[in-house]
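The next block holds one structure in the form of structure tokens; read it before the comments.
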Amino acid sequence: MKIKIKLFGNCKDIFRSSVLQINFTKNAKVKNIRNKLIEIIEEKYSGNKAYKDLVKKSAFCSERDEIVNDSYVLNKDKMISIIPPIGGG
Amino acid sequence: MFHAAIIDPKKTKKIISLLRAEKFIKDFDAGASIFFVGNIRKNNNNKNVTGVTYDAFDRLVIKTFKKIYTEGIKKFKLKKAKVFIEHAKGYVTLGKPSIIIAVSCKHRSEAYQLSRYLIEQIKIRAPIWKKEYYKNQKSEWLKGTSVKIR
């Protein structure tokens, strides 16, 4: 199943896009998505620690606009958003 | 009454506005009005800031603002309060406002309390990110706070 990952803030710069589209096996969990993003950083940036830490510290948001944890299963979701540490105002 | 918006001048062709805020919260039953304006300041962590680019998850930001407002009304047991919140998106230059929070309540103590509660919660809960630009041509995304599941 193809999952779109919506990116914000620093993640847009790291992945050089505002949306990533990645193939996952059925019933992928948030944990799988987080690991995949870390894998991409390993490949593209020789495992840049700051970037990996950013993904590790990020939250994820479902299509229903709810913050979900690593065990959340993307059954019907076709998109998930990664929410890096925030700081507005 | 509540108003919240993310203002991206590129899309909305308007900027966040104190005049709009004042008009919205005007209430003859309210004895107190508080206006909080967050501006881009010149110095942060010993770096000369020239401007900030804000990114935002607009839909979730509005939902979060509304939730924080509802919590504040409940927390301070307010029967009547008007709240106006607008946050900038995109590039904001030095000295310009990034956020306006305007509150009108019956009494000053509750207006101060609610206004303070709103900004402090927004800082740690609203999905907004900022990238600072410096005089030496460099730029960086600020570290921020991890979002918690509530």
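Which residue is nearest to the other protein chains (Cβ to nearest Cβ), if the candidates are limited to the range A:66-89 and must be touching a Lys or Arg at 6+ places or on another chain (Cβ under 6 Å) and of a type in the set (A, V, I, L, M, F, W, C)?
A:MET79
Give A:LYS56, A:LYS12 a once-over and let me know the one that is under 30 Å from B:ILE99 (Cβ atoms), surrounded by fewer than 16 Cβ atoms within 10 Å (Cβ to Cβ) and either facing another protein chain (nearest Cβ under 10 Å) or hydroxyl-bearing (Ser, Thr, Tyr) (or both).
Going through A:LYS56, A:LYS12 in turn, the sole match is A:LYS56.
Does A:ILE33 meet the test of being more than 9 Å from chain B (Cβ to nearest Cβ), in contact (Cβ under 8 Å) with a residue 24 or more places away in the chain and under 30 Å from B:VAL37 (Cα atoms)?
Criteria not met by A:ILE33.
Listed here are the residues, each with its yes/no results for (1) surrounded by 15 or more Cβ atoms within 10 Å (Cβ to Cβ); (2) out of contact with any Pro (no Cβ under 6 Å at 6 or more places or on another chain); (3) within 14 Å of another protein chain (Cβ to nearest Cβ); (4) of a type in the set (Gly, Ala, Ser).
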{"residue": "B:THR70", "(1), (2), (3), (4)": "no, yes, no, no"}
{"residue": "B:LYS75", "(1), (2), (3), (4)": "no, yes, no, no"}
{"residue": "B:LEU78", "(1), (2), (3), (4)": "yes, yes, no, no"}
{"residue": "B:LYS82", "(1), (2), (3), (4)": "yes, yes, no, no"}
{"residue": "B:LEU118", "(1), (2), (3), (4)": "yes, yes, yes, no"}
{"residue": "B:ALA126", "(1), (2), (3), (4)": "yes, yes, yes, yes"}
{"residue": "B:LYS138", "(1), (2), (3), (4)": "no, yes, yes, no"}
{"residue": "B:ARG150", "(1), (2), (3), (4)": "no, yes, yes, no"}
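Go through the range B:56-68 and give me each residue that's facing chain A (nearest Cβ under 10 Å) and either among the small types (Gly, Ala, Ser) or surrounded by 22 or more Cβ atoms within 10 Å (Cβ to Cβ) (or both).
B:ALA56, B:PHE57, B:VAL61, B:THR64, listed by residue number.
When the residues of the range B:84-108 are filtered to those that are within 20 Å of B:ALA21 (Cα to Cα) and small (Gly, Ala, Ser), which remaining residue is nearest to the other protein chains (Cβ to nearest Cβ)? Spell out how you get there, then give the answer.
Filtering the range B:84-108 down to residues within 20 Å of B:ALA21 (Cα to Cα) leaves B:84-89, B:92, B:95-108.
Checking the rest, the ones that are also small (Gly, Ala, Ser) come to B:88, B:95, B:98, B:102, B:104.
On the way: B:ALA88: 9, B:GLY95: 16, B:SER98: 7, B:ALA102: 15, B:SER104: 21 Å.
Taking the candidates together, the pick is B:SER98.
Could you tell me whether B:PHE28 is in contact with a helix residue (DSSP H, G or I) (Cβ under 6 Å, 6 or more places away or on another chain) and modelled with pLDDT of 95 or more? Spell out how you get there, then give the answer.
Details: in contact with a helix residue (DSSP H, G or I) (Cβ under 6 Å, 6 or more places away or on another chain): no; modelled with pLDDT of 95 or more: yes.
Spelling it out, it is not the case that B:PHE28 is in contact with a helix residue (DSSP H, G or I) (Cβ under 6 Å, 6 or more places away or on another chain) and modelled with pLDDT of 95 or more.
Could you please tell me which pairs satisfy a Cβ distance under 9 Å, a separation of 6+ or placement on different chains, a first residue in the range B:18-37 that is more than 24 Å from B:LYS123 (Cβ to Cβ), and a second residue that is modelled with pLDDT of 95 or more and in a helix (DSSP H, G or I)?
Note: pairs meeting the criteria are B:ALA30/B:ALA111; B:GLY31/B:ARG108; B:GLY31/B:ALA111.
Given (1) in contact (Cβ under 8 Å) with a residue 24 or more places away in the chain; (2) surrounded by 13 or more Cβ atoms within 10 Å (Cβ to Cβ); (3) within 14 Å of chain B (Cβ to nearest Cβ), where does A:MET1 come up short, assuming only one miss?
The one condition A:MET1 does not meet is (3).
The values are calculated or read from the model by the stated rules, or taken from the named source; none is laboratory data. Bear in mind the structure is a predicted one, so any value in this text is a computation, not a measurement. Glycine also receives a Cβ, built like all others from the backbone with ideal geometry; neighbour counts cover every protein chain displayed.
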